[in-house]
Amino acid sequence: MDGLHPLIQFLRQINLKQDEENILNQVSLLVKKFITQPDSWFDDRFYQVDEEQGFGSHLVYENPDHTLAVIVTSWPMGRETPPHDHDTWAVIGCVKGVEKNTLWDRHDDKSDPNYAEISPGIVHICTPGDLITMRKNDIHSVINPESGVSVSLHIYGKHFNHTNRHQFDPIKNTVKPFIVRQEVVA
Ligand SMILES: [Fe+2]
């Protein structure tokens, strides 16, 4: 996507081997700049959603080793992801509409890979121009609580279909892999 080419060029200059907090700070500055000027890159195709999956995931860029994934995600009203982690850092910038992001607190000792006890914690209402940063093991769920499709720009340390990320069932206390179907933006 031509409009995001400058962002990708800036992102590629960041040292991905440095401390996670430093990376998050640098990526956040860049993402903030682009989400507050969406006219320079936004394309209506980003509104498309995969109805069966419940959201749209548009891959704009990733390095050949799947690091530094740039993904635009779209959410129809009322659809919600399960609680999940990414197994990598993430910067989420809201561009259109509203996303309700719930962070989940984990209470078990993580000794069983198939079991987790989690409960809902802090809620962020993300509106255009807002940023959310997530660390490697943070767990969140996302819902668009309003009418219309919401769209957000996500940068991940590694494409989440190539990490060991998980989805969590807070009722059954189960943990499973979480793979997303994706459209590649030409
Ligand atoms: Fe997520």
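What follows draws every value from the coordinates through simple rules; no lab data is involved. Note that the structure is a prediction, hence the values are computed from the model and not measured. Note that we place each Cβ from the backbone using ideal geometry, even for glycine, and neighbour counts take in every protein chain shown.
Here are some notes:
- Counting other Cβ atoms within 10 Å as a rough exposure proxy, the listed residues V95, V184, V149 run V184, V149, V95 from fewest neighbours to most.
- C-alpha center-to-center spacing [the stretch 36-64, the stretch 104-137] in angstrom: 23
- Note on the chain: with charges restricted to the Cβ of Lys and Arg (+1) and Asp and Glu (-1), its dipole about the Cα centre is near 260 debye.
- Per-residue Cβ neighbour rank within 10 angstrom, fewest leading, D112, D39: D39, D112
- Positive-pole candidate from V175, I14, L68, dipole of the chain, charges at beta carbon: I14
- Rounded to the nearest angstrom and listed largest first, the equivalent-ellipsoid semi-axes of the chain from its Cα gyration tensor are 25, 20, 15.
- Aspartates and glutamates whose Cα lies under 16 Å from that of K158, excluding same-chain neighbours fewer than 8 positions away: D19, E20, E21, E62, D65, D85, D87, D138
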